[in-house]
Amino acid sequence: MFDSPKIKISAIPALQDNYIWAIHDDRHAVVVDPGEAAPVLAFLDAHHLRLDAILCTHRHNDHIGGIAKLREVYNVPVYGRRHPNNPHITNELREGDSLELEGLGIRFDIIDIPGHVDDHIAYLAPGIAFCGDVLFGAGCGRNFEGTKAQLHHSLQRLAQLPDTTRIYCAHEYTAANLRFALACEPENPAVKQRIDTTRQLRAANQITLPTTIALEKATNPFLRCTQPEVIRTLQQRGLSDNSEMAVFTAMREWKNHF
């Protein structure tokens, strides 16, 4: 359905490095994680679109900061996980729920993906996933709440999606994440190629997203915790437990200070 010329997914740059994703045809639009209202309103006006709904992946302000102003203009439902620090949710979604966007003819399945924060969810439809701050281009989100085991499990759930699935994450972090990926796996040719591609895209003022599950499995160190070179790199930093969870934990701690 997303290969239809009638349905488009457009990135709306916001704040310092956020992307607000707009899912739209030539009349209707739904936005994901609007951290700011002004760029969304400008996009809707420029494309003569009507906002039908707002989707939230989690409660951080750079994902919800524009909702109140948007709803002053468009009194639309706001979907996501309820949380005391996200007062905007009108329709709660949890693991196993589905969301039908009738105006666009799209149905999302909802999965819980905690580990960045507890209220984090992902929106999945055939061939696409909106995953907020859990999986990034060549990286993953910080572990602010819950456990690293939860974050690892959430990443593994996303990694089990079909290889061609397009991943719409919320930040332009790919270049910085690839520097860490190269430190973890300096002989990985796919990482080196992606660094070159990313450099060219950014030099041309183009974004590096969406990514795909196949590309992440080839270049994202947080999905490559069983690879021998990754394990050797962590061993050189003092790791003695070579289990996948121990490697992931050591890598996430290293990235926090990289």
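The values are calculated or read from the model by the stated rules, or taken from the named source; none is laboratory data. Predicted model, so just to flag it, every value in this text is computed and none were measured. Because the Cβ atoms are built from the backbone with ideal geometry, glycine has one as well, and the counts that use them run over all protein chains shown.
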**Fill in**
Only one of Thr219, Thr226 is touching a Lys or Arg at 6+ places or on another chain (Cβ under 8 Å) and either modelled with pLDDT of 95 or more or under 29 Å from Ala22 (Cβ atoms) (or both), namely Thr219
**Check on Val40, surrounded by 13 or more Cβ atoms within 10 Å (Cβ to Cβ), more than 14 Å from the chain's Cα centre (by Cα) and among the hydrophobic types (A, V, I, L, M, F, W, C)** = yes
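Residue by residue, here is whether (1) buried (at least 22 other Cβ atoms within 10 Å of the Cβ); (2) farther than 29 Å from Ala181 by Cβ; (3) out of contact with any Asp or Glu (no Cβ under 7 Å at 6 or more places or on another chain) holds:
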site: Arg94; (1), (2), (3): no, yes, no
site: Phe108; (1), (2), (3): yes, yes, yes
site: His116; (1), (2), (3): yes, no, no
site: Leu124; (1), (2), (3): no, no, no
site: Cys140; (1), (2), (3): yes, no, yes
site: Gln156; (1), (2), (3): no, no, yes
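Within segment 96-133, can you find the residues that are of a type in the set (D, E, K, R), closer than 20 Å to Cys169 by Cβ and either out of contact with any Leu (no Cβ under 9 Å at 6 or more places or on another chain) or not in a strand (DSSP E or B) (or both)? Break it down into steps so the answer makes sense when it comes.
Of the residues in segment 96-133, the ones of a type in the set (D, E, K, R) are 97, 100, 102, 107, 109, 112, 118-119, 133.
Adding the requirement that they be closer than 20 Å to Cys169 by Cβ leaves 109, 112, 118-119, 133.
Correct list: Asp112, Asp118, Asp119, Asp133.
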**Message:** Please go through segment 9-24 and give me each residue that is in a strand (DSSP E or B) and polar (S, T, N, Q), ordered by number.
**Reply:** Ser10, Asn18
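Return the residue satisfying two criteria in turn: it lies in segment 142-154 and is among the small types (Gly, Ala, Ser) and either crowded, with 16+ Cβ neighbours inside 10 Å or not in a helix (DSSP H, G or I) (or both), and of such residues it is nearest to the chain's Cα centre (by Cα).
So the residue we want is Ser154.
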**Message:** touching a strand residue (DSSP E or B) at 6+ places or on another chain (Cβ under 8 Å), in a loop (DSSP other than H, G, I, E, B), aliphatic (A, V, I, L, M) and within 30 Å of Asp26 (Cβ to Cβ): is that true of Leu161 in this structure?
**Reply:** yes
**Prompt:** In segment 228-243, how many residues are loosely packed, with under 14 Cβ neighbours inside 10 Å and in a loop (DSSP other than H, G, I, E, B)?
**Reply:** 5
**Request:** Sort through Ile195, Ile167, Ile213, Ile207 and tell me the only one that's surrounded by fewer than 21 Cβ atoms within 10 Å (Cβ to Cβ), within 15 Å of the chain's Cα centre (by Cα) and closer than 22 Å to Ala11 by Cα.
**Result:** Ile207
**Prompt:** Among all residue pairs at least 6 apart or on different chains, which show Cβ distances below 6 Å where the first residue, located in segment 141-160, is more than 11 Å from Thr249 (Cα to Cα) and the second is surrounded by 17 or more Cβ atoms within 10 Å (Cβ to Cβ) and among the acidic types (Asp, Glu)?
**Reply:** Gly141/Asp133
